[in-house]
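Q: Dumping the structure here so I can ask a few things about it.
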Amino acid sequence: TAYCFLYYLLLPVIAKRAPEPAQESLACAVSAIEVVAPNARRLTLNYDFPLRFQPGDGILLGAGDTKRCFPIASFHANPTNTLDIVVDLATSDWLCRQAIGSKLRLFWVESHVNFEIDTPDTLPANVLLISHGVACAPFVAMMQGLCSVRDQYNGQVVALQCADTIEDVEAFQRPPGLADCAIHFAPEVNQAKLLEIAPTLAQFELYVGGARDFVAQVEREYLAAGGRKRVHVYSFDKYNR
């Protein structure tokens with residue numbers, strides 16, 4: 001009976017109706033721009049279709065012929081029509097010059113480094129996030145994601161934000177909702193600093209974001225200081241070639 005219903009009633013409708021083309025992207029608009037550092041801006045984007053992201057995911061954003069991938073710098077536990085990105089003026093001047101209300105195209109890009117908070121048992125037991133400059137922005141969102149499942153996740157979460165001056169990361173030093181996470185600042189990374197902020201360093205999984213030279217230096221210092229866990233490099237460079 002079910003087969004006959006599908007065959008005689010639905011199939012003719014499906015066969016005669018031309019399929020709608022799949023949308024390549026979602027239209028979005030810049031709804032706010034905030035100065036978070038001398039050379040960085042936080043952009044809030046709004047779109048009509050609610051999306052849910054895992055902490056650490058990113059988006060491919062387009063304007064005209066320009067496309068570039070950005071990590072998401074905000075956390076929402078439920079599907080939302082808005083997200084934030086933090087961009088560097090030197091590399092994203094085309095985006096920072098957009099006016100409030102400017103229309104952009106939003107593409108989905110799934111990060112290879114994110115926290116699947118829907119399955120807390122898969123989360124790393126202890127997390128150390130080390131970043132340089134605005135690379136700390138997505139790490140703050142990732143920390144907020146971990147804290148949202150604190151009833152099921154008891155791991156230690158420590159962050160080290162590096163920059164030439166504290167002003168470059170000051171906006172990210174005391175984010176809301178992270179009272180049980182430790183956020184530190186240092187101009188550079190060395191073994192002594194790593195052991196100071198994470199005395200049981202060998203038990204921490206390292207997540208690092210920043211320029212290639214910075215990432216390489218952090219990896220060297222981490223291993224020399226006794227780090228033994230896998231090093232996760234947080235980067236979207238492969239999407240921006």
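The values are calculated or read from the model by the stated rules, or taken from the named source; none is laboratory data. This structure is a prediction, so every number in the text was calculated from the model and none was measured. Using ideal geometry, Cβ is built from the backbone for each residue, glycine included, and neighbour counts are taken over all protein chains shown.
Q: Looking at the range 2-21, can you tell me whether even one residue there is modelled with pLDDT under 95 and under 30 Å from VAL149 (Cα atoms)?
A: No.
Q: Among the residues in the range 113-120, are any in the same structural domain as PHE214 (by TED's automatic domain parsing), in contact with an Asp or Glu (Cβ under 8 Å, 6 or more places away or on another chain) and not charged (D, E, K, R)?
A: Within the range 113-120 (the criterion being in the same structural domain as PHE214 (by TED's automatic domain parsing), in contact with an Asp or Glu (Cβ under 8 Å, 6 or more places away or on another chain) and not charged (D, E, K, R)), the answer is no, since none of the residues qualifies.
Q: Also, I was wondering about something else. Surrounded by fewer than 22 Cβ atoms within 10 Å (Cβ to Cβ) and free of Cβ contacts under 8 Å to residues at least 60 places away in the same chain: is that true of ALA99 in this structure?
A: For ALA99, the condition - surrounded by fewer than 22 Cβ atoms within 10 Å (Cβ to Cβ) and free of Cβ contacts under 8 Å to residues at least 60 places away in the same chain - is not met.
Q: Which residues, counting only those in the range 48-60, are surrounded by 19 or more Cβ atoms within 10 Å (Cβ to Cβ) and in contact (Cβ under 8 Å) with a residue 40 or more places away in the chain?
A: Once the filter is applied, which keeps residues that are surrounded by 19 or more Cβ atoms within 10 Å (Cβ to Cβ) and in contact (Cβ under 8 Å) with a residue 40 or more places away in the chain, the range 48-60 yields PRO55, GLY56, ASP57, GLY58, ILE59.
Q: Assess whether PHE236 counts as being aromatic (Phe, Trp, Tyr) and closer than 24 Å to ILE59 by Cα.
A: yes
Q: Please go through the range 91-111 and give me each residue that is more than 16 Å from LYS67 (Cα to Cα) and modelled with pLDDT under 90, ordered by number.
A: Residues satisfying the conditions are ALA99, SER111.
Q: Given VAL157, VAL189, which one is not basic (Lys, Arg) and not in a loop (DSSP other than H, G, I, E, B)?
A: VAL157
Q: Here is a further query. Residues of the range 194-228 being under 12 Å from LEU129 (Cα atoms), among the aromatic types (Phe, Trp, Tyr) and not in a loop (DSSP other than H, G, I, E, B), which ones?
A: TYR207, TYR222
Q: From PRO71, PRO124, PRO79, PRO138, grab the single residue that is on the phi < 0 side of the Ramachandran plot and surrounded by fewer than 17 Cβ atoms within 10 Å (Cβ to Cβ).
A: From the options PRO71, PRO124, PRO79, PRO138, the qualifying one is PRO79.
Q: Scan the range 219-233 and report the pairs whose first residue is under 16 Å from VAL113 (Cα atoms) and whose second residue is small (Gly, Ala, Ser), with Cβ atoms within less than 8 Å and a gap of 6+ or a chain change.
A: These pairs meet every condition: LYS229/ALA202; VAL233/GLY209.
Q: For the range 209-233, give me each residue that is under 19 Å from ASP88 (Cβ atoms) and among the acidic types (Asp, Glu).
A: Of everything in the range 209-233, just one residue is under 19 Å from ASP88 (Cβ atoms) and among the acidic types (Asp, Glu), namely ASP213.
Q: If I filter the range 191-199 for residues that are among the β-branched types (Val, Ile, Thr) and within 17 Å of the chain's Cα centre (by Cα), do I get at least one hit?
A: No, there is no match, as no residue in the range 191-199 is among the β-branched types (Val, Ile, Thr) and within 17 Å of the chain's Cα centre (by Cα).
Q: In the range 218-235, what count of residues is obtained for those that are touching a Gly at 6+ places or on another chain (Cβ under 9 Å) and modelled with pLDDT of 95 or more?
A: Summing the residues that are touching a Gly at 6+ places or on another chain (Cβ under 9 Å) and modelled with pLDDT of 95 or more in the range 218-235 gives 5.
Q: Counting only residues that are touching a helix residue (DSSP H, G or I) at 6+ places or on another chain (Cβ under 6 Å) and not hydrophobic (A, V, I, L, M, F, W, C), give me the strands (runs of 3 or more DSSP E) lying completely in the range 41-133 with at least 3 of them.
A: 126-132
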